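**Q** Below are the structure tokens for one structure; questions will follow.
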Amino acid sequence: MKFLLVIFLALQCSLSAFAGEAPPLAEDPVVEQRMLSISEELRCLVCQNETLAASRADLAQDLRRELRTLIKANKTDKEIMDYMVSRYGDFVRYRPAVKPLTYMLWFGPFVLLIGALSILLRLVRRRQQGDAAPMLDAAQRKKAQSLLKDPELPS
């Protein structure tokens, strides 16, 4: 039993020798916080529906590194965003600016929704008008009433 205890303690000591101190999250916490706030506004170009801050893709890590470099170069948030848009296009932003180039992106879904609703409304109205029973003239009405009153209807 003592032998197992000695082996267990030896393993614990050897494993702790491999454990190192965790590297700090950032050299400068202010730079890191600013980089995170900017990267929350940017789309990962690989994942496309994740923010740059949340993505684990290699390109996202490179872009975050580039953001840190721009922040350390004392660029403003607007300058950094303009740089990223000029390099990667409006798609890199989760909320691109409203300008003629992005009108379809901003207003296209609403136009499609209004178009779909108007088509649906027309179809419903047309169906309601088409389902109305045609009016019978006097001879047809008399024949229908006689058929309904006659107990021996033809099968």
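**Q** Kindly establish whether Thr76 is under 16 Å from Val31 (Cα atoms) and either without any contact (Cβ under 8 Å) to a residue 24 or more places away in the chain or out of contact with any Pro (no Cβ under 8 Å at 6 or more places or on another chain) (or both).
**A** Yes, satisfied.
**Q** Give the residues of segment 51-90 that are more than 21 Å from the chain's Cα centre (by Cα), under 12 Å from Arg34 (Cβ atoms) and not in a helix (DSSP H, G or I), sorted by residue number.
**A** Within segment 51-90, Asn74, Lys75, Thr76 qualify.
**Q** Looking only at segment 30-76, count how many residues are closer than 14 Å to Tyr88 by Cα, exposed (fewer than 15 other Cβ atoms within 10 Å of the Cβ) and touching a helix residue (DSSP H, G or I) at 6+ places or on another chain (Cβ under 9 Å).
**A** 2
**Q** Has segment 105-120 got any residue that is not in a helix (DSSP H, G or I) and not basic (Lys, Arg)?
**A** no
Just so you know, all these numbers are worked out from the coordinates, no wet-lab data involved. Given the structure is predicted, the values throughout are model-derived calculations rather than measurements. Cβ atoms come from the backbone with ideal geometry, glycine included; neighbour counts cover every protein chain shown.
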